[in-house]
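This report concerns only the one structure given below.
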DNA sequence: GCGATCAGCT
DNA sequence: CACAGCTGATCGC
């Protein structure tokens, strides 16, 4: 698509329509209360969060997009001045409340931008039907994919299973206080599940309670600590040190619903597209394999601390299922900043058909390697500066500009390398 | 001075 | 080892 038409989760000047997939801060960086560029399209739930997240935001700029139905929009081509007709649809992404994928259609072709998404077998039924119908009408030319866990080493259970594991841990500690780490948006379903299973309210901090009410949870959550032994606390206030402090007052365990460890499955080189582990869904695996996966999803890494792999991103098998369903002609990963970036074409390029030259399949991982190598190299080059900065309290003096210039240079080196290998 | 951005931490 | 998001320092207007 021509540039200067639309932006998705990007907020620089110059587009005629802006799309927001969900209200996480890494997708809203650049948005603020005084933003006034152009209409902003998002789901109803995301729209409802704007007044509290961006005080002063001009709400008349918001356009609520219904789920699973087409909307049309006329834009103006910056180059030719002619009218560009754009059709788009929001599809539930099951990442966090209000999260959607956007499917775009026009003379330019058909694009699917997933944003962050979790393709849980049970969660995504309606989204799957919507997607299948839309793709049958016209195939996807380019899939922009949440490739966070696009690597066979990333295997973990559905959120339903993970939520039961959390409930099991709590039930096994009947006289303990429980704290569960959460962020400002997401993992509500986990808390609701725990609440239902244990028939207990969940404490949240005041701002989080306001968010819960906006999301339509009216009775389950409370800010009164006397009503419950289970508290959801901000993840940044959650640490072993905190837990040790709490345990001097009252026996307390902490549950971190994400994080280590991974179930690492050995990579089989000849297994890329037709191998059993790729096509196996949870329900087809043996009971013992499921047990193994679940056991690995819980990790007690301290007397008071458990981690459970409860993820709002799709695991590798789910990404595979998704790509096989969409069958895009081509695709690109959205997550490129990660040091373990893997281009989805590396594992799934062949699903996209014959129009992917083999060197493309191999180039991207090399690029990532190059990227990593350059980073490491340039960091080691500034070790002295960093040691100095650590030893002393950083101050605004002549060293600052020196460090800054070094930082700049480092970025330029990276860019030069990327340009070179791209 | 203030918002934006970065580094560090978890 | 990922991500998300905080804090505090620094940048730049």
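Summary of computed values
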{"read-out": "Among the residues listed as A:264, A:268, the single one being within 16 Å of DNA strand C (Cβ to nearest atom), over 21 Å from residue A:190 (Cβ atoms), loosely packed, with under 13 Cβ neighbours inside 10 Å and at pLDDT below 90", "value": "A:264"}
{"read-out": "Odd one out for residue A:58 among (1) farther than 22 Å from residue A:97 by Cβ; (2) surrounded by 13 or more Cβ atoms within 10 Å (Cβ to Cβ); (3) away from DNA strand B (no atom under 16 Å from the Cβ)", "value": "(3)"}
{"read-out": "Conditions (1) touching a helix residue (DSSP H, G or I) at 6+ places or on another chain (Cβ under 9 Å); (2) at pLDDT 95 or above: number failed by residue A:184", "value": "(2)"}
{"read-out": "Top-ranked residue in segment A:321-352 [being over 13 Å from residue A:139 (Cα atoms) and at pLDDT 90 or above; ranked as surrounded by the most Cβ atoms within 10 Å (Cβ to Cβ)]", "value": "A:322"}
{"read-out": "Considering residues of segment A:215-238 that are surrounded by fewer than 14 Cβ atoms within 10 Å (Cβ to Cβ) and either touching a residue at least 40 places away in the same chain (Cβ under 8 Å) or within 16 Å of DNA strand C (Cβ to nearest atom) (or both) only, the residue farthest from the chain's Cα centre (by Cα)", "value": "A:237"}
{"read-out": "Selection from segment A:142-170 of residues that are surrounded by fewer than 17 Cβ atoms within 10 Å (Cβ to Cβ) and either assigned to a loop (DSSP other than H, G, I, E, B) or in contact (Cβ under 8 Å) with a residue 60 or more places away in the chain (or both)", "value": "A:153"}
{"read-out": "Segment A:2-51 - residue that is more than 16 Å from DNA strand C (Cβ to nearest atom) and part of a strand (DSSP E or B) and, of those, nearest to the chain's Cα centre (by Cα)", "value": "A:19"}
{"read-out": "Any hit, segment A:86-103, residues being more than 16 Å from DNA strand B (Cβ to nearest atom), at pLDDT below 95 and more than 20 Å from the chain's Cα centre (by Cα)", "value": "no"}
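Residue by residue, here is whether (1) within 16 Å of DNA strand B (Cβ to nearest atom); (2) within 21 Å of residue A:123 (Cβ to Cβ) holds:
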| site | (1), (2) |
| --- | --- |
| A:193 | no, yes |
| A:198 | no, no |
| A:215 | no, yes |
| A:224 | no, no |
| A:227 | no, no |
| A:232 | yes, yes |
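Quick grid of which residues meet (1) in contact with a strand residue (DSSP E or B) (Cβ under 7 Å, 6 or more places away or on another chain); (2) in a strand (DSSP E or B); (3) crowded, with 21+ Cβ neighbours inside 10 Å:
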| site | (1), (2), (3) |
| --- | --- |
| A:72 | yes, yes, no |
| A:87 | yes, yes, no |
| A:98 | no, no, yes |
| A:103 | yes, yes, yes |
| A:112 | yes, yes, yes |
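The values are calculated or read from the model by the stated rules, or taken from the named source; none is laboratory data. All values reported here derive from a predicted model rather than from experimental measurement. Quick reminder, even Gly has a Cβ in these numbers, built from the backbone with ideal geometry, and neighbours come from all protein chains shown.
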